[in-house]
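The values are calculated or read from the model by the stated rules, or taken from the named source; none is laboratory data. The shown structure was predicted, so the numbers you read here are calculated from the model rather than taken from an experiment. Quick reminder, even Gly has a Cβ in these numbers, built from the backbone with ideal geometry, and neighbours come from all protein chains shown.
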């Protein structure tokens, strides 16, 4: 009788456990058991289990599963951001100020200063060693450090802009603006669209182009954070860089439709369709092209540093993503730091081949020893991050408007640059 | 405290006296007043309050000032943005009204003749209406794509015609945006016009036929005068709706190239979410409210007196 009772109890227990065993640890909006007593809300980009790239999605699913298994009793509620990063980040800032931010979130490095200034982030210094922080590239370390010397986010990946080319049509890497124009015209003669780049109302329009201005030694803001991009010292460099793009469009080296491109996927689409042999894109697109193209087609593609007005005056924009904590509960802040450390600080870099922000990680992971990633790492040396100042989003907005006017021929370069500078100074005065 | 002393104080709650049979309306109105006040009036009051400050999304308490009004209303780009808004709104309202009316007339006529396909036509139009603005913008972006593999230009090439710079030509892009908005909003006008057409007294048409009126005369002397209130109400609704449209534009052009398609609502959105200027955004919201109310009053003044009452 006692044996039967025990057997019945065991069976009942086993049956009772079945739903828990069968429950997926990862769903579209949750990681971990749904009945876990502790929950952290993480607002994220596509760098996670919901990545549109199946390989990355599977890789992240494993990383997140391992992570949640290392932290029993926890579940993560995943909130996905849309592609409109500027809007998403502005909304999150407003939520944070009202006390309704997620516990932990991905914060774009270029808006991190706004979050730091608003005082809504929690210090992550207690959760990272001095050695780990010292390994960060200087521009990264400066970006995450507050006035009190504490770090307020973990900047885990960086990126840069390069010039992609189909070597079958453009065998040699263009090194100067004149080279780029000649190569683009050569591709037009081969039936292609010419050189493509972001040129619409989109942050990428500004950021991808800024390397042309920075390469000449131009400065967007002074040490106090005041816009100076069209003052006496910088105006000539700025106008030259704008006229470089203008000349590409007016000469037919770039199609006028660049003023409608506001998404890196549009550039990938043109490469995949075989309608473009030259485009300005991000380093992450190399892997995307590899995943999307047939191997023999991908073998034709290569990339090089962005051209400059001369060979020695070249630069590129570097950005990247951080993980930051908003929660007022220390336990959740610690969990957020653990998420940054265990998933993003290295493993995610290796998975997506997103360039790490720590010099030592380039040696730790084999993927970063590849020729392509070594070239990216070399180009990082002339990389420049967007200034961490409150006025930057408006500078970018005005450059996008200016670029649209100039590339469509709706305004002269001088007039458009003056308008953009005046509007930026007016906005700066109101901050 | 005696019952007599309590009764007058409770009368506003509808506690009727022995001889007072008319209950107070306040208890019944309070829930509506509370909901309207909380969810509609309070945000509006807040917008007016913010407009008289220098508040930003970046923090700080902000101070009360009139300078935000002066700063926003004297911005050099504002005039162009108001003009772009006018062209977009006028084009969209006229397009939606005309095509909606034409479709409603076709559907009603076809129903009378028991023709096949009227339900399909109505349903197809309504599908466009239920598509979210962002999705509509993305659909049209694919169609207007000027790459060699773009939707509409591929069709034009197949027909031996030159491709069009739908989104990159500042003179064309506004009409592309209007087209996409008309596509999306026409179904609403069609439904309003369809309902109004169905409500016209058939005896009016019978009398017109007895008088020997042609189809054109019936349209101009019976149908349109009978539809006048519906047309004006529809104009008010779609004008306000179009003035507030920004989701379809932000996904289609982002307001570009330059500021070629930056309407007032999108400009307001940019000022708040890209410049972080909450006070300036509030001033622009009030400007939009004034424009909407002004246009609504103009339309309403054309309403027949009895409909107004």
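Structure data summary
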| quantity | calculated |
| --- | --- |
| Residues of the stretch A:275-299 classified as in contact (Cβ under 8 Å) with a residue 12 or more places away in the chain and loosely packed, with under 15 Cβ neighbours inside 10 Å, total | 1 |
| Among (1) buried (at least 18 other Cβ atoms within 10 Å of the Cβ); (2) in a helix (DSSP H, G or I); (3) within 14 Å of another protein chain (Cβ to nearest Cβ), the one test that residue A:120 misses | (2) |
| Residue list for the stretch B:188-212, restricted to those being touching a helix residue (DSSP H, G or I) at 6+ places or on another chain (Cβ under 7 Å) and either buried (at least 16 other Cβ atoms within 10 Å of the Cβ) or outside any helix (DSSP H, G or I) (or both) | B:188, B:189, B:190, B:192, B:193, B:194, B:196, B:197, B:200, B:208 |
| Extreme residue, nearest to residue A:260 (Cα to Cα), among residues of the stretch A:399-423 that are part of a helix (DSSP H, G or I) and more than 10 Å from chain B (Cβ to nearest Cβ) | A:399 |
| Residues located in the stretch A:79-112, provided they are within 26 Å of residue A:141 (Cβ to Cβ), without any contact (Cβ under 8 Å) to a residue 40 or more places away in the chain and away from chain B (no Cβ under 11 Å) | A:81 |
| Some residue of the stretch B:264-277 being more than 8 Å from chain A (Cβ to nearest Cβ) and either touching a strand residue (DSSP E or B) at 6+ places or on another chain (Cβ under 9 Å) or not in a helix (DSSP H, G or I) (or both) | no |
| Among the residues listed as A:423, A:416, A:338, the single one being in contact with a helix residue (DSSP H, G or I) (Cβ under 8 Å, 6 or more places away or on another chain), surrounded by fewer than 23 Cβ atoms within 10 Å (Cβ to Cβ) and under 30 Å from residue B:174 (Cβ atoms) | A:423 |
| Residues that are within 14 Å of chain B (Cβ to nearest Cβ) and buried (at least 21 other Cβ atoms within 10 Å of the Cβ), drawn from the stretch A:213-238 | A:227 |
| Test: residue in the stretch A:307-320 that is under 30 Å from residue B:149 (Cα atoms), in the same structural domain as residue A:242 (by TED's automatic domain parsing), buried (at least 22 other Cβ atoms within 10 Å of the Cβ) and at pLDDT 95 or above | yes |
| Odd one out for residue A:241 among (1) in a helix (DSSP H, G or I); (2) within 14 Å of chain B (Cβ to nearest Cβ) | (2) |
| Residue that is under 25 Å from residue A:134 (Cα atoms) and in contact with a helix residue (DSSP H, G or I) (Cβ under 6 Å, 6 or more places away or on another chain), where the choices are A:376, A:326 | A:326 |
| Residue tally, condition surrounded by 13 or more Cβ atoms within 10 Å (Cβ to Cβ) and within 13 Å of chain A (Cβ to nearest Cβ), over the stretch B:70-90 | 8 |
| Residues that are surrounded by fewer than 18 Cβ atoms within 10 Å (Cβ to Cβ) and either out of contact with any strand residue (DSSP E or B) (no Cβ under 8 Å at 6 or more places or on another chain) or at pLDDT below 85 (or both), drawn from the stretch A:381-393 | A:381 |
| Flag if residue B:233 is in a helix (DSSP H, G or I), in the same structural domain as residue B:289 (by TED's automatic domain parsing), touching a helix residue (DSSP H, G or I) at 6+ places or on another chain (Cβ under 9 Å) and modelled with pLDDT of 95 or more | no |
| Given (1) away from chain A (no Cβ under 14 Å); (2) part of a helix (DSSP H, G or I); (3) more than 18 Å from residue B:77 (Cβ to Cβ); (4) touching a residue at least 12 places away in the same chain (Cβ under 8 Å), number of the condition residue B:245 does not satisfy | (2) |
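Residue by residue, here is whether (1) within 24 Å of residue B:99 (Cβ to Cβ); (2) facing chain A (nearest Cβ under 10 Å); (3) buried (at least 22 other Cβ atoms within 10 Å of the Cβ) holds:
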| site | (1), (2), (3) |
| --- | --- |
| B:230 | yes, no, no |
| B:253 | yes, yes, yes |
| B:261 | yes, yes, yes |
| B:282 | no, no, yes |
| B:290 | no, no, no |
| B:296 | yes, no, no |
| B:302 | yes, no, no |
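Here is a yes/no grid of residues against (1) under 22 Å from the mean Cα position of the chain (by Cα); (2) outside the structural domain of residue A:90 (by TED's automatic domain parsing); (3) assigned to a loop (DSSP other than H, G, I, E, B):
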{"site": "A:132", "(1), (2), (3)": "yes, no, no"}
{"site": "A:149", "(1), (2), (3)": "no, no, yes"}
{"site": "A:169", "(1), (2), (3)": "no, yes, yes"}
{"site": "A:180", "(1), (2), (3)": "no, yes, no"}
{"site": "A:199", "(1), (2), (3)": "yes, yes, yes"}
{"site": "A:206", "(1), (2), (3)": "yes, yes, no"}
